[in-house]
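Student: Encoded as structure tokens, here's the structure I'll be asking about.
The values are calculated or read from the model by the stated rules, or taken from the named source; none is laboratory data. It should be emphasised that the depicted structure is a prediction, and the values quoted were computed from it without experimental measurement. Cβ placement follows ideal geometry from the backbone for every residue including glycine, while neighbour counts extend to all protein chains displayed.
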Amino acid sequence: MLGLKCDTSKLWVGIAENNLQLLLTDHAFAEQKAAAAAMSLIIGYSEDADLVSKMQSIALEEIEHFGMVHKIIVARGLTLLQDQNSAYAKHLFSFFNKTKDRTQSLVNRLLISALIEARSCERFKMLSLYLKDTELAAFYKDLLASEAGHHTLFLGLANRYESKEIVTKKWDALTTYEAEYIKKQGKTALVHG
């Protein structure tokens, strides 16, 4: 369903569980960055009323998720640490060549967003299944539908702006690129690390 080409090792869950403060901090900032990405699309493509409406909904939901994660951090007596740059997102954005074609740029951004949401969904599923911390496992299970919905929305939008054939070709190449990166990850308690 998500179109990912490699799975996260169960070992990553143990690494994440041994550093919940880092995991939760990274998750909180990932939600903020997702909201910022949606707002950036609103700013860049403000003439597209449908896109603006959909991105406004995404931004609001992502900020709500940030608040939920922050509440868990505070309730557990932890501190929201400093944000770390996402090597994962940087890697994905380096896949596509820069273009001045606004439509191509939009499609590329939508595909990257769809992939980030898909990987988040896959990682959250791993956490929901294998975390010993049942409260957090349930929390991550509750987020699965939202992440999957965002993934589907971004892919659907990409198909609206470009032919299905081109989107499928780009998606296939991007997911292959991402899988090679992910195979070398899983050593830190970062959501995409």
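Student: Residue pairs, Cβ under 8 Å, 6 or more apart or interchain, first in the stretch 128-143 and touching a residue at least 60 places away in the same chain (Cβ under 8 Å), second charged (D, E, K, R). List them.
Tutor: As it stands, the answer is TYR130/LYS10; LEU131/GLU17; LYS132/GLU17; ASP133/GLU17, since those pairs meet every condition given.
Student: Mind listing whichever residues of the stretch 161-181 are surrounded by fewer than 15 Cβ atoms within 10 Å (Cβ to Cβ) and within 25 Å of GLU31 (Cα to Cα)?
Tutor: Result: THR176, ALA179, GLU180.
Student: Filter the helices (runs of 4 or more DSSP H) completely within the stretch 87-189 down to those with at least 2 residues that are of a type in the set (Val, Ile, Thr).
Tutor: Of the helices (runs of 4 or more DSSP H) lying wholly inside the stretch 87-189, those with at least 2 residues that are of a type in the set (Val, Ile, Thr) span 102-130, 134-161, 164-182.
Student: Quick one: which residue in ILE58, ILE15 is modelled with pLDDT of 95 or more, of a type in the set (A, V, I, L, M, F, W, C), over 19 Å from the mean Cα position of the chain (by Cα) and crowded, with 17+ Cβ neighbours inside 10 Å?
Tutor: Selected residue: ILE15, the only one of ILE58, ILE15 that is modelled with pLDDT of 95 or more, of a type in the set (A, V, I, L, M, F, W, C), over 19 Å from the mean Cα position of the chain (by Cα) and crowded, with 17+ Cβ neighbours inside 10 Å.
Student: Further, regarding this structure: State the number of residues belonging to the stretch 108-156 that are hydrophobic (A, V, I, L, M, F, W, C), crowded, with 23+ Cβ neighbours inside 10 Å and within 20 Å of MET39 (Cβ to Cβ).
Tutor: 6
Student: Next up: Is it true that some residue in the stretch 177-186 is touching a residue at least 60 places away in the same chain (Cβ under 8 Å) and either in contact with a Gly (Cβ under 8 Å, 6 or more places away or on another chain) or under 16 Å from LEU23 (Cα atoms) (or both)?
Tutor: Yes, the stretch 177-186 contains at least one residue that is touching a residue at least 60 places away in the same chain (Cβ under 8 Å) and either in contact with a Gly (Cβ under 8 Å, 6 or more places away or on another chain) or under 16 Å from LEU23 (Cα atoms) (or both).
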